[in-house]
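The values are calculated or read from the model by the stated rules, or taken from the named source; none is laboratory data. Everything numeric here is computed off the predicted structure, so don't read it as measured data. Cβ atoms come from the backbone with ideal geometry, glycine included; neighbour counts cover every protein chain shown. Heads up: the accessible areas ignore ligands, DNA and RNA and are worked out on the full protein's heavy atoms, side chains in. Shrake-Rupley method; radii C 1.70, N 1.55, O 1.52, S 1.80 Å.
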Amino acid sequence: MAKACALDLGAVRVGVAISDDLGMLAHPRGTLDGRNRPELLRALAALVKAEEIDHVLVGLPLDMKGGEGESARKARLVAQEIADATGTTVELVDERLSTVQARRALGAADVHGKKARAHIDEASAVVILQAWLDARSHRGDE
């Protein structure tokens, strides 16, 4: 089974999650610095190679009605840059409410305050990836 990686793009931090070898569970993998685009792309290319990732998901920030604003436009540009830098398939995935779900999950794990803020980006990436993995398993995709 090929591995997938999800990214929750932020101006400062980019949350990272990677699927297990079976493609069933998403695991948090920390954050990358989102302030330096060339360095971010190099780090992602190295991650893709080291982890043998063949599919990268990028969170697409849509508004509650499904519309796209400036943030979504930027996500589309970054997604193309990631595809070019890594040579992998990059898919944009609706990330509405992923941060809300991530905050709930962190709260349920009794992670609050500064510690929660430090992990919210990777927790959001986990939410994005797990939803994608679950949808694939329901459709019977491999």
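Annotations for the structure displayed:
- Of all residues making up the stretch 31-61, the number that are farther than 16 Å from ALA6 by Cβ and surrounded by 16 or more Cβ atoms within 10 Å (Cβ to Cβ): 2
- Of the strands (runs of 3 or more DSSP E) that lie entirely inside the stretch 1-64, those containing 1 or more residues that are under 22 Å from ALA135 (Cα atoms) and in contact with a Cys (Cβ under 9 Å, 6 or more places away or on another chain) span 13-19, 26-33, 53-60.
- Residue within the stretch 89-101 that is within 18 Å of GLU51 (Cβ to Cβ), in a helix (DSSP H, G or I), more than 11 Å from the chain's Cα centre (by Cα) and at pLDDT 70 or above present: no
- For GLY66, the requirement of being on the phi > 0 side of the Ramachandran plot, open to solvent by 10 Å² or more (accessible area, probe 1.4 Å) and out of contact with any helix residue (DSSP H, G or I) (no Cβ under 8 Å at 6 or more places or on another chain) is met.
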